[in-house]
Amino acid sequence: MKTKDIFTDENRKKVRDAIAQAESVTSGEIRVFVDDRCKGSELDHAATVFEKLGMHKTEARNGILFYLSVQDRKFAIIGDAGIHAKVHDAFWQEVRDGMLEEFKRGDLIHGLELGIRQAGNAMSTYFPRAGDDRNELPDTIVFGP
């Protein structure tokens, strides 16, 4: 299935809404980046995208990137130093496993929503939203070339 067929306007809205909901309870920032293809390691590419999107520049270093390569069926979740120091590897594996189950069922959008909710819940524990919190990064999905 092609990326544009999966990420319809309705599905883009579902993902944006999931991000907005997750970020409503935390100062953390969540982004989604979608590629058709990923040359090499998805984790390495996600780290490059993380930096290009300026996600390492959030005040509390608590950004999370969900990276998907649709045609290659690869994905990665990258958390900045602030959030990773709190949740460690077991959390990332749990989120990954939950998303993978949905992806195997053919539901990329629900898998993303699930992962985003889990990330938001974890970040709300360690980085609760303050009254003066501002959205440091856009909630829109970024599509690769």
Revision key, fill the gap. Flagged in the range 88-145 as among the acidic types (Asp, Glu) and modelled with pLDDT under 90, in numbering order, are Asp89, Asp132, Asp133, Glu136, Asp139
Revision key, fill the gap. Within the range 40-67, residues touching a Phe, Trp or Tyr at 6+ places or on another chain (Cβ under 9 Å) and either part of a loop (DSSP other than H, G, I, E, B) or over 23 Å from Asn135 (Cα atoms) (or both) come out as Glu42, Leu43, His45, Leu53, Ala60, Asn62
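Report, by residue number, each residue of the range 113-136 that is among the aliphatic types (A, V, I, L, M) and in a helix (DSSP H, G or I). Can you show your working first?
Taking the range 113-136 first, the residues among the aliphatic types (A, V, I, L, M) are 114, 116, 119, 122-123, 130.
Residues satisfying the conditions are Leu114, Ile116, Ala119, Ala122, Met123.
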Study note, to complete from the structure: Scanning the range 39-61 residue by residue, those touching a His at 6+ places or on another chain (Cβ under 9 Å) and within 21 Å of Thr140 (Cβ to Cβ) turn out to be Phe50
Revision key, fill the gap. Per the filter on the range 113-145, residues surrounded by fewer than 17 Cβ atoms within 10 Å (Cβ to Cβ), touching a helix residue (DSSP H, G or I) at 6+ places or on another chain (Cβ under 9 Å) and hydrophobic (A, V, I, L, M, F, W, C) are Val142, Phe143
Exercise for review: Go through (1) in contact with a Phe, Trp or Tyr (Cβ under 9 Å, 6 or more places away or on another chain); (2) in a helix (DSSP H, G or I); (3) of a type outside the set (Asp, Glu); (4) farther than 21 Å from Glu136 by Cβ and name the single condition Ala76 misses.
Suggested key: (2)
Practice item. Kindly provide the set of residues from the range 69-81 that are under 13 Å from Ala119 (Cβ atoms) and out of contact with any Leu (no Cβ under 6 Å at 6 or more places or on another chain), ordered by number. Key: Ile77, Gly79, Asp80
Exercise for review: Collect the residues in the range 5-39 that are part of a helix (DSSP H, G or I) and in contact (Cβ under 8 Å) with a residue 40 or more places away in the chain, keeping them in residue-number order.
Suggested key: Ile6, Asn11, Arg12, Lys14, Val15, Arg16, Ala18, Ile19, Ala20, Gln21, Ala22, Glu23
Check your understanding: Which members of the range 8-40 meet the condition of being crowded, with 22+ Cβ neighbours inside 10 Å and farther than 17 Å from Ala119 by Cβ?
Key -> Asp35, Cys38
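The values are calculated or read from the model by the stated rules, or taken from the named source; none is laboratory data. From a predicted model like this one, the values you see are computed outputs, not experimental measurements. A quick note on method: Cβ atoms are made from the backbone with ideal geometry, for glycine too, and the neighbour counts reach across all protein chains shown.
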